[in-house]
Amino acid sequence: MKESERSKALVFNHHLVHLAGSELETLQVARMADQCGYDVTVGAFILGGPMLELLRRSGLKTVSVLTQEAGELGGTEFGLLWGHHAPVLDYLILQIGVEAERVVCRSLSPYEPLEAPPVYADRLSMFLVNSPETRDEAIRLGVPSGRVEVFPNSVGKEAFQTLQTPEKKLATLAVISNHVPKEVEEACSALEEKGVKTTIHGLGHQVVVVDEELLRRYDAVLTIGRTIQTGMALGIPVYCYDRFGGPGWIMPENLEQASYYNFSGRCYNRKLQPDELVQEILDGYPAARLEAETLREVARERFDFEKNFDNVLNAIGNRPPVDLPGIRREFALQKKFNHAYVRELVTRLMAQEELNKRRQGRR
């Protein structure tokens, strides 16, 4: 297929800066859309940092939707508009008039205000959520239950190609977090004293791309969120714990409860002391190791990104195009709300840029 004949896709997020949550989900969607034959552009209000560099290394076109060059998006016909964060979707549809046949918005949290569903969620091709917990919150906020679909954090097929064989005795542990609680840091020091090499990856520690290649270096992973699914897919025991506490080792008996809450640790109101963490990690590792292959098959069934992505494309392909002119007419008031949001965001960004220039001038 010639480049000019490829259907265009715009994949969006509020910010693309850090190697974290929604940014990594955006990258994953953009890569898959590219593999599916779309001519992909990735857009956000805020672009920069290691995520922008990673997007460029992936060969993906990027655009800050607040700049003058974003005005060209308004005259572009997209086959697919897919992303996160209602303020960005409002801006694209209501402010600059992006046109698209199919529109998919996905919410990644039941409590983060930025992840609240767009007011016209039921008018989109599909409104997705990352967990049953987020689905139930979207319904509580007014999205019809029949218009919400769960698309869990998922893993590329390469993670399923080779089964890991962790050591019988825990020797290496990766902690993956951008907000490591104090008790985990102290537990890591204690584990080191007991001969377990621990490495913390995330903001404030070693900032790297957390992928299959990285996780394969370890016998086990302590983390929450999307890295849980990656560990399961690799056959690596995963210990679910972070700032909200957590259930500990993911096992068949706590899988459904943990999954309902997107492996966030909120499934149990359970915070541990450092010595309790150490003891539980060491004592529970052998059993978790034995269950890793079983959980890997669960991951293959539920968390295969390519399969889940194809299911969405097939479903929305059988639905009529989104009535964007109708949305613009009916939700004109939302356009004013969005204008106020964007105006304040731009003011803050300009002030931050000026502050950065002054700081650089003092050096």
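Bear in mind these aren't lab numbers, they're just calculated from the coordinates by the rules spelled out. Small disclaimer: the values here were computed from a predicted structure and weren't measured. Positions of Cβ are generated from backbone atoms using ideal geometry, with glycine treated the same way; all protein chains shown enter the neighbour counts.
Observations, loosely collected:
- Ranked packing of 113-120, 321-328, 354-361, 342-349, most packed first, by mean Cβ within 10 Å: 113-120, 321-328, 342-349, 354-361
- Within the straight-line cut-off of under 22 Å between alpha carbons, none of the lysines are reachable from Lys336, sequence neighbours fewer than 8 places apart in one chain being disregarded.
- Shape category assigned to the stretch 274-351 from the gyration tensor of Cα positions, a/c cut at 1.5: oblate
- Packing-based ranking, highest mean first, of 103-112, 209-218 given that Cβ atoms within 10 Å are counted: 103-112, 209-218
- Dipole of the chain, positive end: most advanced residue of Gln35, Gly83, Leu108 [Cβ charges, Cα centre]: Gly83
- Cα-projected label distance for Glu149 with Leu333, points at 7 Å along beta-carbon direction, nm: 3.1 nm
- Alpha-carbon centroid distance for the pair the stretch 218-247 / the stretch 311-341, whole angstrom: 36 Å
- Label positions at Leu141 and Gln257, each projected 7 Å from the Cα along the C-beta direction, are separated by 2.7 nm.
- For the stretch 136-169, the residues whose backbone nitrogen is under 17 Å from a point 7 Å from the Cα of Arg300, taken along Cα to Cβ, are 155-166.
- Bins of 20 Å from zero: percent of alpha-carbon pairs in the chain: 28, 54, 17, 0
- Charge tally around Pro274: other residues with Cβ under 10 Å, Lys/Arg +1 each, Asp/Glu -1 each, net -4.
- Kirkwood Rh in Å, taken over the stretch 150-215 so that all alpha-carbon pairs contribute: 13.8 Å
- Placing +1 on the Cβ of every Lys and Arg and -1 on the Cβ of every Asp and Glu, with nothing else charged, gives the chain a dipole about its Cα centre of roughly 960 debye.
- Ranked by how many other beta carbons lie within 10 Å on average, peptides 191-201, 295-305 from highest: 295-305, 191-201
- Beta bridges by DSSP in the stretch 157-302, antiparallel share as percent, to the nearest 5: 20 percent
- Tensor-based shape of the stretch 36-175 (alpha-carbon gyration tensor, a/c under 1.5 rounded, otherwise prolate or oblate): oblate
- Cα gyration tensor shape for the stretch 157-302, rounded if a/c is under 1.5, else prolate or oblate: rounded
- Fewest-first ranking of Asp136, Asp275, using other Cβ atoms within 10 Å as the exposure measure: Asp275, Asp136
- Each 10 Å bin from 0 upward holds the following percent of the Cα-Cα pairs of the stretch 1-105: 16, 54, 29, 1.
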